[in-house]
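Undergrad: Below you will find the structure I want to go over with you.
Derivation of every value follows stated rules applied to the coordinates shown; laboratory data play no part. Just so you know, these numbers come straight off a predicted model, no measurement behind them. Every residue, glycine as well, gets a Cβ built from its backbone with ideal geometry; the counts of neighbours run over all protein chains shown.
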Amino acid sequence: ALAGEAPRRDRLIEYLHRLQDAHGALHAGHLAALAEALQLARAEVFEVATFYHHFDFVAEGGAAPPALTVRVCDSLGCAMAGGAELAAALATRLGAGVRVQRVPCVGRCDSAPVAVVGQRPVLHADVDTVAAVVASGEREEALPAAIRFDAYRAAGGYALWEAVRSGARDPASIVAALDEAGLRGLGGAGFPAARKWRTVAAQPAPRHMAVNIDEGEPGTFKDRHYLSTDPHRFIEGMLIAARVVGIAAIWIYIRDEYPALRRLLAEELERVRAEWPELPPIELRRGAGAYVCGEESAMIESIEGKRGMPRLRPPYVAEVGLFGRPTLEHNLETLWWVRDIVDMSAERGADGFASHGRHGRKGLRSFSVSGRVARPGVVVTDAGITLRELIDEHCGGMLPGHELYGYFPGGASGGILPARLADVPLDFDTLAPYGCFIGSAAIVVFSQHDQARLLAENAMAFFAHESCGQCTPCRVGTAKAAQLMQAPAWDAGLLTELGRTMMDASICGLGQAAPNPMQSVLRFFPHEVGGARAGAAGGASPTAPDACAAPPAPHADDTRSA
Ligand code: SF4
């Protein structure tokens, strides 16, 4: 597992990955050996190995899992496209020699339903296509046709980085450009990027940087899109940020569901290192299937080789972050925009960026659009565009036979809006009056053939599965709410009180936002929860002739609930 390197406690998750990749699962002996090598208590290694969904720990005397696992997504977009039914049919077709698991979002919502055979995604999957991939022996995804280093360079790429590196561009002018453009954190929190850079730069050295490519919010796939098409634009933004803020070392945390992108990034970072050997150390870290690690302090814990449990704040990570040092943390997309904003040309540059926007909003946004639209995908367009404009102008309208009934404006955690609110500008802060937020701009559109309540149940089951378990309002609240939401008629008073407690008393955004879809249903779709409940796996409702999106079953890999 150590591959000849000096043991490092912070690389524990990497070592666990190596062991599992080599042996198919983690056994007690593996954990004991790792504990000894790292001089840790066995309990510390055990708690990490059993925290992350992608690790299979086999207790002494337990049966190892089959050699092949097929993961079938059952989050919002895939659930609407029949993910649960696909998983059930695959379990029958593939037999006992293959493990079929229903898993949360795999970041390919524009191609729903999605199954992953080993590490090979099957898009728009059906039983036959998945069975064919299983039979073919293909287990890996090919590298995407991204713009590689030489092509990027030949097209003028890294010119801005060179200008910053040589001192031709003054760091203060770069931060001012971010301010002028109004660039905000695009992972979901929306914190002004310039303010974050200034805050971290004012802290004592050494300062660290952590890049978040853990996009696990159901409905979100923009980071995958950018990385698989133009990775150097992101890397250039990252290098500019590191130079301006005075960063000593960089960690990039990428979700385990993107193995091809991890390989691509590793190759391209090597190429960049060969060009500029003096760069600070850059370490690529592989997640292990924990949505909560998208939360900035949980990601930092995970990079340090621990369970991904969010920290109490203050202190904020900008002051005390990775390994106790001030840390600049950014989502991939935020850094992706830096190059064009720092560019001084008219159409690019801060003015160019800020010249976009509608309905009083400023800038450009990347929307991940999925669900019942004709052309799902990543749409880059004006901040403040409305859902109706987005669907009509960029997504080819609704799917034939589907009429807009409602939508998630910000993934599973951002709440749900009804069709009558399809003309609200989509941006940070515009959705607060409706109890919603845009987050990472993951738009999941549903129609009269769906039920908001089943989608909200799906979201709550997801949060219950992904809660890190650290605080009671979230750990118990999500599970309790998921259970209460199964009743034909919801107890509105009890659910509202429960939701308020979770919002007020949870430590991090997961528990605070988990009640949003449930509360949206109570507010905007009360007719669905007043009595009769349609069948969980596609039964009819008065408004939903072939309703879908059943809540996910308890996930088979959840070893933390015990
Ligand atoms: Fe963990 Fe949930 Fe508490 Fe966040 S709110 S720290 S995910 S238990």
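Undergrad: With a point put 7 Å past each Cα toward its Cβ, work out how far Glu5 is from Ala33 in nm, to one decimal.
TA: 1.8 nm
Undergrad: Could I ask something else about it? When a/c is below 1.5 the answer is rounded, else prolate if a/b is larger than b/c, else oblate, so apply that to the range 425-521 with a ≥ b ≥ c taken from the square roots of the Cα gyration tensor eigenvalues.
TA: Note, shape of the range 425-521 comes out oblate.
Undergrad: What ³J(HN,Hα) values, in whole Hz, does the Karplus curve 6.51 cos²θ - 1.76 cosθ + 1.60 give for the range 403-416 when θ = phi - 60°, with x put for Gly and Pro?
TA: Taking θ as phi minus 60°, the curve returns 10, 4, 10, x, 7, 8, x, x, x, 4, 8, x, x, 9 Hz for the range 403-416.
Undergrad: Okay, next question. Under 25 °C and 0.890 mPa s, how fast does the chain diffuse according to Stokes-Einstein, given a Kirkwood radius computed over C-alpha pairs? Answer in µm²/s, whole number.
TA: Rounded to a whole number, D works out at 102 µm²/s.
Undergrad: Run the quick spin-label model on Glu319 and Glu283: label points 7 Å from Cα toward the beta carbon, then report their separation in nm to one decimal.
TA: About 2.5 nm separates the two model spin labels.
Undergrad: Restricting to the chain, what percent of DSSP beta bridges are antiparallel, rounded to 5?
TA: Roughly 45 percent of the beta bridges in the chain run antiparallel, per DSSP.
Undergrad: Taking the Cα centre of the chain as the origin, how large is its charge dipole in debye, to the nearest 20, when only Lys and Arg (+1) and Asp and Glu (-1) carry charge on their Cβ atoms?
TA: 560 debye
Undergrad: How large is log10 I(q)/I(0) at q = 0.24, 0.27, 0.29 Å⁻¹ when the Debye formula is applied to the Cα atoms of the range 436-492, each weighted equally and without solvent?
TA: -1.06, -1.11, -1.14
Undergrad: Once the Cβ-Cβ distance between Ala266 and Ala492 is put in as r, and R0 is 35 Å, what FRET efficiency do you end up with, to the nearest 0.05?
TA: Step by step, r from the Cβ atoms, then E = 0.10.
Undergrad: What net charge is computed for the residues neighbouring Leu123, neighbours being all others with C-beta under 9 Å from the C-beta of Leu123, Lys and Arg scored +1, Asp and Glu -1?
TA: Counting the neighbours of Leu123, the net charge comes to 0.
Undergrad: Using R₀ = 60 Å, calculate the FRET efficiency as 1/(1 + (r/R₀)^6) where r is the Cβ-Cβ separation of Ala64 and His359; round to 0.05. Display every interim value, and only then the final one.
TA: Details: r = 56 Å, r/R0 = 0.94.
After rounding to 0.05, the efficiency reads 0.60.
Undergrad: For the range 1-23 and the range 444-523, what is the separation of their C-alpha centers, rounded to whole Å?
TA: 37 Å
Undergrad: Moving on to the next point. Assuming R0 = 56 Å, what is the FRET efficiency of Val380 and Ala41, from their Cβ-Cβ distance, to the nearest 0.05?
TA: 0.70
Undergrad: Here's a follow-up. Given 0.36 nm per residue, what is the gain on full extension from Asp429 to Arg348 after removing their alpha carbon distance, in nm?
TA: 26.6 nm is the gain from fully extending Asp429 to Arg348.
Undergrad: Quick one: check the C-alpha center-to-center distance for the range 146-174 versus the range 336-406, whole angstrom.
TA: 26 Å
Undergrad: Suppose only helical runs count, i.e. DSSP H with n ≥ 4. What mean residue ellipticity at 222 nm does that imply for the chain under -39500 (n - 2.57) per run, divided by all residues and rounded to the nearest 500 deg cm²/dmol? Spell out each step's value before the answer.
TA: Working: 22 runs with 221 residues, N = 562.
So the helix-based figure for the chain works out to -11500 deg cm²/dmol.
Undergrad: Name the shape class, rounded, prolate or oblate, that the alpha-carbon gyration tensor gives for the range 113-255, where a ≥ b ≥ c are the square roots of its eigenvalues, rounded holds for a/c under 1.5, and otherwise prolate holds if a/b is larger than b/c and oblate otherwise.
TA: It is prolate, given that a/c is not under 1.5 and a/b is the larger ratio.
Undergrad: Regarding the range 1-63, what are the three Cα extents along the principal axes, ordered largest first, in Å?
TA: Projected onto the principal axes, the Cα atoms of the range 1-63 cover 32, 22, 19 Å.
Undergrad: Now a separate question. Quickly work out the Ser173-to-Trp276 label distance, labels modelled 7 Å from Cα along the C-beta direction, and quote it in nm with one decimal.
TA: My value for the distance between the label points is 1.7 nm.
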